[in-house]
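Enquirer: Before I ask anything, let me first share the structure, which is written out below as structure tokens.
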Amino acid sequence: MAAMATAANIGAVNNIYAKLSTEWDKKPPNLDECGRLLNALKVKLTQCPMNFLATNSENDKRNVILARGVLEIGAQWAIETKDADAFERYMAQLKPYYLDYSFDDLEESTYKHQLLGLNLLRLLAQNKLADFHTELELLSTEDIQKNVYIRHPVQIEQYLMEGSYNKVFTARGNIPARSYGFFMEILLKTIRDEIARCIEKAYEKISFHEARRMLFFNQDAVESYKEYVKQRKWVCNAQDDMIHFQREEKVEEVVPAKDLVEQAISYARELEMIV
Amino acid sequence: MPDKDPGAPSNQDVEMKDADKPEQPQPEEVKKDADVLTMEDIRQHLKHIEKAVSTKEPRFMSRALRVLVNLRKRLNSNVLRKLLLVYYPTGSGGAATKNPLLDFLEEPMEVDKSAGGVRPRTGKAAALTQIPEIDIYLHLLVLIYLLDQKKLTDALSCSKQLMDKITPSNRRTLDMLAAKCYFYYSRAYEITDQLDQVRGFLHSRLRTCTLKSDYEGQASLLNLLLRNYLHYNLYDQADKLVSKSTFPESASNNEWARYLYYLGRIKAILLDYSEAHRHLLQAMRKAPQHTAVGFKQTAQKFAITVELLLGDIPDKSVFRQPMMRKTLQPYFQLTQAVRTGNLKNFGEVLENYGGKFQSEGTYTLIVRLRHNVIKTGVRMISLSYSRIFLADVSQKLLLDSPEDAEYIVAKAIRDGVIEASIDHEKGFVQSKENTDIYATREPMTAFHQRINFCLDIHNQSVKAMRFPQKSYNRDLESAEKRREREQQELESAKEIAEEDFDDFP
């Protein structure tokens with residue numbers, strides 16, 4: 001009885017999956033339709049979890065591949081609809097399929113490295129460096145050095161650490177897959193703030209147009225650039241067309257009496273405890 | 001005599017000197033055969049274990065366990081076979097336990113005549129093996145022997161049997177032995193590359209140990225689990241385990257050293273370099289002073305890497321220590337490359353020693369050092385030049401273009417690495433003049449840090465002091481005897497004084 005029910009479920013899942021893949025393969029895919037199908041599939045997958053998780057029989061391997069395929073399409077759909085949270089959730093579900101289930105004959109998914117690389121890029125864009133490094137540990141060194149999907153985020157991280165932001169900007173042109181573009185946009189916004197802060201501290205004055213170039217605003221984006229300048233409260237001197245930055249004056253150092261007293265008392269206490 | 005902590009073998013094979021001679025005098029048998037010596041030693045230990053069980057004092061057990069490393073080298077098939085024959089009663093009751101263990105040993109080469117010295121003592125020996133501790137101890141010896149002989153499949157099944165014996169028992173005196181057994185069980189699986197199967201078991205034992213407040217078991221199981229996770233690079237899970245569990249305060253120093261080392265490694269991957277450095281230094285301090293060389297070398301390698309990542313350059317004396325000099329050679333070159341800020345050298349070191357770094361697990365950390373090299377380079381340039389063109393900067397640092405140099409210097413200024421300002425129109429960097437550092441609060445904070453550190457060490461060493469056991473007093477003379485002795489001394493002193501007066505005219 002239970003077997004029949006699960007068999008019926010599997011049949012239903014297969015049907016919906018077939019519909020989803022045809023829908024997804026259409027160019028351009030109808031995103032709403034895909035979204036609806038994905039939600040239906042998610043529910044169905046949880047209803048018969050035994051068949052879609054790790055066991056060893058032949059039948060179940062097909063089911064596992066099916067489940068993985070669903071999640072992969074889901075992750076890519078989340079990118080298309082620009083939903084970073086949904087992407088995060090799909091990746092969390094997908095990771096066991098890539099990393100933990102050590103099926104010897106389960107062939108590698110074609111999207112594996114691409115999605116893993118996308119995940120790394122997402123962590124970078126959200127400035128979660130510690131998570132980035134832990135994720136990186138889980139991949140083999142060969143993947144990191146050879147695989148183009150993964151090498152891209154690793155290089156971006158290196159450029160960010162060094163501070164050569166112009167390399168990041170040019171790397172925007174060399175993304176290995178179209179889906180990387182979404183996170184690159186977010187990343188560029190983040191580094192724009194970084195560069196602005198660097199400019200404030202490093203330069204005494206800089207010309208209006210030079211600053212625009214450094215912040216990666218194009219020729220035709222002058223309006224958005226002016227918005228940005230206003231947002232950061234930079235004052236532009238109209239005569240020589242330069243932006244001047246305030247230099248913080250050194251405040252007269254007051255003797256920090258309270259701190260000194262606390263420290264001295266703690267030393268005295270410790271020393272008294274020495275027998 | 002104050003008791004030292006139980007001698008635990010560390011990650012690699014090390015020598016541990018037998019610091020404690022057995023108390024009772026040796027029996028008078030002829031000592032030509034090394035096997036006979038080993039048999040005698042093992043019998044001493046079995047007596048210790050028996051005493052430990054009867055008096056419920058852990059130090060006898062720790063004494064027996066401490067010598068385990070030394071004993072390991074002297075085990076061979078003959079010794080073990082004789083032991084098993086002696087201590088398991090030859091009656092039908094013992095036959096069941098005797099056979100599985102004997103199966104693991106080889107057939108004896110010949111019938112030794114010297115076996116006459118060790119007669120099977122059926123009465124007393126039979127009573128001894130009723131104590132499960134003896135049984136487990138002998139089983140453990142067999143397992144260690146199999147591991148050393150690299151008979152891996154045998155070792156696996158032997159360890160499984162051992163676990164089956166330990167798991168149902170609830171004896172507190174078994175705790176220290178059990179901790180050792182977990183270690184070797186996990187080690188057997190590690191050598192055969194099947195560590196992930198052990199995890200579930202280790203977790204369930206950890207639960208049991210924590211509930212029973214079995215501190216040694218808890219400590220060694222936590223360490224084994226961390227080692228397991230780190231072996232598979234699962235730093236996330238290791239971090240969660242650390243945050244959710246407490247390491248028992250009363251664990252032995254060796255377990256503490258291991259725990260701090262694993263903690264340091266986890267924190268280093270998670271970019272928390274100052275914490276990682278502190279943990280690794282403490283791990284090295286808690287390690288035994290003259291032995292465990294392998295452990296200290298590995299910990300030192302990680303400590304150097306983390307220190308470089310923090311931006312400090314480790315002292316040259318660190319590399320000069322006699323037992324570290326050779327293994328630390330690649331790290332020495334790495335330090336030099338970072339110190340001079342030379343990207344080319346850094347790239348060369350990475351290429352030459354990349355394989356070695358990878359096998360030691362420090363490669364991912366070292367790759368992150370590239371940024372440090374550039375930072376040091378920028379700092380040196382800023383110190384030496386009051387004004388320099390950006391194009392020259394990019395040339396010196398081997399960067400790709402002056403634009404790169406501009407961004408990098410701007411970031412360095414923002415991070416506080418250098419004090420300078422960039423003039424974009426004319427394309428140069430100008431350093432600010434140095435302020436007198438003694439006029440700021442810097443010296444006070446530096447001193448404060450050092451003072452706290454010293455006081456910390458002082459407090460820790462006071463806590464770590466141990467006082468002699470009560471038995472020490474037994475050997476001392478009691479008060480009466482002392483009074484007697486003093487009186488006698490007074491009298492003899494008086495006599496001598498009188499003699500002197502007599503002699504002098």
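Every number here is computed from the coordinates shown, using simple stated rules; none is lab data. Nothing here was measured: the structure is a model prediction, and the numbers come from that model. Neighbour counts are summed over all protein chains in view; Cβ atoms, including those assigned to glycine, are modelled from backbone coordinates with ideal geometry.
Enquirer: Apply the Karplus parameterisation 6.51 cos²θ - 1.76 cosθ + 1.60, with θ equal to phi minus 60°, to every residue of the stretch B:270-280 and state each ³J(HN,Hα) to the nearest whole Hz, in sequence, with x for glycine and proline.
Expert: Calculated HN-Hα couplings, in order: 7, 6, 9, 6, 5, 4, 4, 4, 4, 5, 5 Hz.
Enquirer: Hey, can you rank B:145-153, B:310-318 by average C-beta count inside 10 Å, highest first?
Expert: The packing order, highest mean first, is B:145-153, B:310-318.
Enquirer: Summing Lys, Arg as +1 and Asp, Glu as -1, what charge do residues with Cβ under 15 Å from the Cβ of B:ARG325 carry, B:ARG325 excluded?
Expert: Residues close to B:ARG325 contribute a combined charge of +4.
Enquirer: Just rank B:HIS48, B:HIS448, fewest to most, by other beta-carbon atoms within 10 angstrom.
Expert: B:HIS448, B:HIS48
Enquirer: How do B:HIS231, B:HIS279, B:HIS371 rank when sorted from fewest to most other Cβ atoms within 10 Å of their own Cβ?
Expert: Sorted ascending by nearby Cβ count, the order is B:HIS231, B:HIS371, B:HIS279.
Enquirer: Less than 15 Å Cβ to Cβ from B:GLN395, Lys/Arg counted +1 and Asp/Glu -1: what total charge do the surrounding residues give?
Expert: Summing Lys/Arg as +1 and Asp/Glu as -1 gives -3.
Enquirer: Can you list the residues, at least 5 places off or on another chain, whose amide H is less than 5 Å from the amide H of A:TYR203, using H built in the peptide plane?
Expert: B:ILE422
Enquirer: Over the whole of B:333-339, what's the average partner chain Cβ count within 10 Å per residue? Rounded to a whole number, please.
Expert: Across B:333-339, the average partner-chain Cβ count within 10 Å equals 0.
Enquirer: Please report the projected area of the stretch B:171-249's Cα convex hull averaged over all directions, in nm².
Expert: Averaged projected area of the stretch B:171-249's Cα convex hull equals 5.0 nm².
Enquirer: Counting only other chains, and only Cβ atoms inside 10 Å, what mean value do you get across the residues of B:263-271?
Expert: 2
Enquirer: Report the relative contact order of the stretch B:241-338, percent, no decimals, based on alpha-carbon pairs under 8 angstrom and at least 6 residues apart.
Expert: Normalised by residue count, the contact order of the stretch B:241-338 is 22 percent.
Enquirer: Also, I was wondering about something else. A 18 angstrom limit on the alpha carbon distance is what I want to check against. Which of A:LYS128/B:LYS267; B:LYS51/B:LYS463; A:LYS146/B:LYS301 exceed it?
Expert: Result: B:LYS51/B:LYS463; A:LYS146/B:LYS301 exceed 18 Å.
Enquirer: Can I ask one more? Mind putting a number on the dipole of the stretch A:109-164 about its Cα centre? Charges go on the C-beta only, +1 for Lys and Arg and -1 for Asp and Glu, and I need it in Debye to the nearest 20.
Expert: So the magnitude is around 200 debye.
Enquirer: Ok, one more. Express the relative contact order of the stretch B:164-276 as a whole percentage, based on alpha carbon pairs under 8 Å and six or more residues apart in sequence.
Expert: Once divided by the residue count of the stretch B:164-276, the mean separation gives 22 percent.
Enquirer: How many partner chain Cβ atoms sit within 10 Å of a residue's Cβ in peptide B:366-375, on average, as a whole number?
Expert: The per-residue average across the peptide is 3.
Enquirer: Oh, and also: What is the local net charge at B:SER382, summed over the other residues whose Cβ is closer than 10 Å to its Cβ (Lys, Arg +1; Asp, Glu -1)?
Expert: Residues close to B:SER382 contribute a combined charge of +1.
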